[in-house]
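Values in this text are rule-based calculations from the coordinates and carry no lab data. All of these numbers come straight from a predicted model, not from anything done at the bench. Backbone-built Cβ (ideal geometry, glycine too); neighbour counts: all protein chains shown.
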Amino acid sequence: MEPTVPSPSSKQPAETSPVQESLAPARGLQTGEQLTSAQGVRLPDTDHSLTAGPRGPALLEDFHLREKITHFDHERIPERVVHARGSGAYGTFVAYGNAASVTSAGFLAEKNRETDVFARFSTVLGSRGSADTVRDVRGFAVKFYTDEGNFDLVGNNMPVFFIQDAIKFPDLIHAAKWHPDREIPQAQTAHDTFWDFVSLHTEATHHVFWAMSDRGVPRSYRTMEGFGVHTFRLVNGEGKTSLVKFHWKPVAGVHSLNWEEAQLTAGMDPDFHRRDLADSIDAGLFYEYELGIQVMPDAPVFEGIDLLDPTKLVPEELAPVQAIGRLMLNRNPDNFHAETEQIAFHLGNLVPGIEVTNDPLLQGRLFSYLDTQLSRLGGPNFTQLPVNRPHAPVNDNLRDGMHQSVVHQGIAPYLPNSLAGSEGPVQAGTTSPEARPVPGGGEGYVHLPLPVDGDKVRAHPASFDDHYSQAALFFASLSPIEQDHVVEAFTFELSKCYEQPIRERMLRVLANVDSGLTARVAAGLGLPAPTGKPPAGVTPSPALAQIDGRSWPVAGRVVGVIGSVDSDVSALQQELKAQGVVVRLIAPTGGPGVERTYQTARSVEFDAVVVTVATTDQQVAVLLQEAYRHAKPIGVSGGGARTVTEAGIDPTAPGLLPDPDADELVTALSTHRVWSRIPLLKPSTS
Ligand code: HDE
């Protein structure tokens, strides 16, 4: 059996694209056969310090030892204060052209225009080394290297946010991260301070429902949606404006882990999402998303929804998501630190045709991102790092600072001047950057001249006081299985709080959303269910449910085949591979074609399992029991029937597939799980 994921050394050479070309000089900075110091001095020995005799003390004059250790001492930079744990990839965005009616931004408006991107996905709360599959919001940040400058769409996998005003963000994050005395828990919301905050700031209720839903535990970055969250303003070529919400729709559909899987995976493979992204790209199974927009008239309220309130979404039934382009992530970074760690996103990186709105959460973010990069990346010149460099020409009058890597020419970095431009030879009378003609005759970014008026106040609009109607809308829109998961998540998390008053306060919040849910969570906590005032007459938005009977492409899904070293699964493997499915042979011991042994395999890394041999191995029994409990398809052939029965699994249960061929497996995988098995399972494992 061929390995399904090529080893890193067999990676294909970089494809040519402007971003790859611009990175080429940086890649070529370290060349030559011989090891050298940073000063280029050739070094014949890097394993022995210079000492006074073989047993003597090290000498201060050892410049190689000092340089090597000193550089090592400074290898780490501060991790991101939020979204520290993440991974990313390069890709290409292709515009469909239909966005021209709403925006003049060329990378969106021009049909078939290709733009290089870098996308970084992240959890929010955990440290850099935390596990990928914890319950959390996921960041979905995309940098478009457009020919009009960089545009960053810095979004999340949930369409709303906890708070309405940026000034609360430090409080939210202080409450959601670890307790400051012991620095636990890591990457969790299941603790007192988080629930204390969200029960006191009830504007968080809608977002908390999203975080407690299956969206909080995505199957992979391939299978999650992205949202710009805020309302943006687009301007077309005629100057006409529209308000929009950005959406990323995964071509593979929206699929999640279940809670037991997520917890097991955090231990079995803390790099689960990061590994899937990198392995998939190496195997040519690229992640794909469509970019979509909901377009609304440029008015503050749409169908009763205040478009400046980031705790509110616009149901797709009221404003359909129109696809305007497609993103494919197809190239792994070469160096995690240089690219994924040093990439700097900023909501304020805008290009002509895209404007911000007065959403008070958005406004505060406009300050935060540039500010945080100054300390995280050590000064103001991080825009010169290869991964951050725009592909549009840069000609600013920004000068000097830490890590300046441009050798600026001329003597007059100010405007107007009569001595020189910022480039080229010093000549009296040469033009300044601004005076130079702009290619294409455009005038660059000109802010819309919108009127601004009002008293200076610390206040919010009255509509922002509605904290419950959309939480109720979201919950009512989920399928019954997803609703069960929300109930279980609230019960799990609140059980982890030590403080009874916090649990009781949160139950009072839930009572204003849905009384059935409140009763079930209260029962789980052993507390009386309070009575609240849930909104009446909620109209569900079916687009918010992710279990809706649809089938999805299966590329990148993983099937584990339990067999032996002699198992010939090549026919099945080839047929599945043709449809993009990854097949891993699991055998008692290592050997040719074996990717997992009974000892190293665990159910969580497979979307389906096929058992082909008779075995009473306990590890295999656990694997099958978990796959069964997690409602995964289980193919049974040959001696596998005995193995399944010995593991205590009913061979006639839904999703047990006798002698499956590739098509049957693909059909079963395409709905993500065997949903009809769920009623047979205990609630906490569905
Ligand atoms: Fe962020 N956020 N954020 N955020 N955010 C950061 O910037 C901040 C918010 C988001 O992969 C930081 O470079 C404030 C909403 C993503 O590098 C920081 C507020 C949304 C990423 C920051 C928010 C996001 C960040 C930390 C409240 C979804 C990771 C390091 C007003 C629409 C980007 C950094 C990456 C990162 C501030 C709220 C998305 C501190 C003040 C809402 C995806 O600047």
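Here are some notes:
- Extreme residue, positive dipole direction of region 558-685, given options Ala578, Ser603, Gly560 (C-beta unit charges): Ser603
- Of Lys143/Lys496; Lys168/Lys240; Lys312/Lys533; Lys111/Lys312, pairs whose Cα-Cα distance is over 26 Å: Lys143/Lys496; Lys168/Lys240; Lys111/Lys312
- Relative frequency of Cα-Cα separations exceeding 15 Å in region 536-576, percent: 66
- Geometric extent, Cα atoms of region 216-333 - Rg, Dmax (angstrom): 17.5, 55
- All Cα-Cα separations within the chain were binned at 20 Å from zero, giving a P(r) of 16, 46, 31, 7, 0, each value a whole percent of the pairs.
- Binning the C-alpha pair distances of region 558-685 at 5 Å intervals from 0 yields a P(r) profile of 2, 12, 24, 26, 21, 11, 3, 1, 0 %, listed from the shortest bin outward.
- Square roots of five times the Cα gyration tensor eigenvalues for region 520-623, Å: 43, 22, 9
- Taking only the C-alpha atoms of region 49-151, Rg followed by Dmax gives 23.6, 77 Å.
- Residue-averaged [θ]222 nm for the chain, counting only DSSP H segments that reach four residues, each worth -39500 (n - 2.57): -7500 deg cm²/dmol
- For region 514-622, size of Cβ-based charge dipole, Lys and Arg +1, Asp and Glu -1, in debye: 420
- Dipole magnitude of region 558-685 about its Cα centre (Cβ charges: Lys, Arg +1; Asp, Glu -1), debye to nearest 20: 480
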